[in-house]
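Here, each number is a calculation from the coordinates, and none is a lab measurement. Keep in mind the model is a prediction, meaning the values are calculated, not measured. Backbone-built Cβ (ideal geometry, glycine too); neighbour counts: all protein chains shown.
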Amino acid sequence: MAAGAMALDLMTLLDAPGVGPSRVRKVLRKWERSDAASPILDGRTLRETLTESQVGALPMCRARVERQADDLRKKNIHAISIVDAEYPAALRGLLGDDAPLVLLCMGNLELLHRPGAGFCGSREASEKGLATARDCAGLLAGEGVNIVSGFAAGVDMNAHRAALTVGGTTTIVLAEGILRFRVKSEIRGEWDESRVLVVSEFGANLAWSVSNAMRRNRTICGLAQALILIEARSTGGSIQAGRDALRLGLPLFAAVYEGMPESATGNEELLGQGARRLLKSRALNRPNIQPILDVIRAVRPFAGPSAERSRVAV
């Protein structure tokens, strides 16, 4: 596993009983101000921030993390801390103090820094909604945009698969630990490790949960320069991802087409709050992706599709 000392140190702190991300960020800020010349686990800032029992538990936590690191190394999983140069600046910049402290990554690490479009939507989207997701993701991937989504059934899976089908790239953001990841049968035929990145911000063996999924959706926003919403209900993870995008100032595009199911009330709600309409191009009879390309390129200029694909193959 390519893991710097800081990634392992932060994983050790997060493993300590009663120590969550906010407490670790406090330790990290104090360390940066005073003890940055020494390892974070050796600094006096620990005793100022953690309880005596938490500090006493750190050697055992370190041993557990190092055993886990062996499991990650065997699967070629990389641990990247928020202070490492490899950490995506866009994610850190958009989420600020909510940015994940450690990312566990497997696959093409270049995709952490590739211009991307996030996709979210219902697990039970209509066939028209799924077709819209496939068309939009495929068209964007063909233009060199990395497709970022959460690997759930429905919209997510159709977006990932469409990107790979056209020879593009995709990032899978998990709502569970990365050691639980398995390639699903729906996408196995298109799978190409050189064009996929799997990312998790959670403990390597942590099970899926609703709260993890909500946090994962914010990370999807942070790894993209625009978010595309397909058939969101008025409650649940998809509409919350849209709300998060608007709150963070990330361009949000909500699909609009004839025959939208009654369950997709979240799209109209978010359009009333500042989302932009994703409409169909009459000339192509497919989604008009030009406004999405415009906002992505305004934030992250990038080369055309042929150049992007050649870089993936290296």
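Relative to the longest principal Cα axis of the chain, at what angle does helix 237-248 sit, 0 to 90 degrees, rounded to 10? Around 80 degrees separate the two axes.
When the stretch 1-96 is described by a simple charge dipole with +1 on each Lys and Arg Cβ and -1 on each Asp and Glu Cβ, the residue from Leu72, Ile82, Gly93 located farthest towards its positive end is Gly93. This ranking places Met260, Met157 by how few other beta-carbon atoms lie within 10 Å of each, fewest first, which gives Met260, Met157. Summarising the strand pairing of the chain, around 30 percent of its internal DSSP beta bridges are antiparallel. By the beta-carbon count within 10 Å of each Cβ, the least crowded to most crowded order of Phe151, Phe119, fewest first, is Phe151, Phe119. Please report how far the C-alpha centroid of the stretch 90-143 lies from that of the stretch 211-268, rounded to the nearest whole angstrom. Going from one Cα centre to the other spans 12 Å. About its Cα centre, the dipole of the stretch 5-88 is roughly 180 debye, where the only charges are +1 on Lys and Arg Cβ and -1 on Asp and Glu Cβ. With neighbours defined as other Cβ atoms within 10 Å of a residue's Cβ, the residues Glu231, Glu86 order from fewest to most as Glu86, Glu231.
Only Lys, Arg, Asp and Glu count, each charged at its Cβ (+1, +1, -1, -1), so figure out the dipole size of the chain about its Cα centre, rounded to 20 debye.
For the chain, the charge dipole is close to 120 debye.
Counting only alpha carbon atoms, the long axis of helix 290-299 and the longest principal axis of the chain meet at about 30°.
With helices as the sole contributors, the chain gives -13000 deg cm²/dmol at 222 nm; each DSSP H run of n ≥ 4 counts as -39500 (n - 2.57), and the sum is divided by every residue.
Hydrodynamic radius of the stretch 5-88 by the Kirkwood approach over all distinct alpha-carbon pairs: 13.3 Å.
Distant-in-sequence amide contacts of Val148, defined by a placed amide H-H separation under 5 Å and a gap of 5 or more residues or a different chain, comprise Ala117, Gly118, Phe119, Thr171.
Helix 210-222 and the long axis of the chain differ in direction by around 70°, with both axes built from C-alpha atoms.
Across the stretch 249-258, computed HN-Hα scalar couplings (Karplus, 6.51 cos²θ - 1.76 cosθ + 1.60, θ = phi - 60°) run x, 8, x, 10, 10, 10, 5, 9, 7, 5 Hz from first to last residue, x flagging Gly and Pro. Projecting the Cα atoms of Ala241, Leu293, Ser263 onto the dipole axis of the stretch 197-308, where Lys and Arg carry +1 and Asp and Glu carry -1 at the beta carbon, places Leu293 farthest toward the positive end.
Show me the three semi-axes of the equivalent ellipsoid for the chain, from the C-alpha gyration tensor (sqrt of 5 times each eigenvalue), largest first, rounded to whole Å.
Details: eigenvalues 259, 81, 62 Å².
So the three semi-axes of the chain are 36, 20, 18 Å.
A dipole drawn for the chain from +1 and -1 charges on Cβ atoms has a positive end, and of Val199, Ala159, Pro251 the residue lying farthest that way is Pro251.
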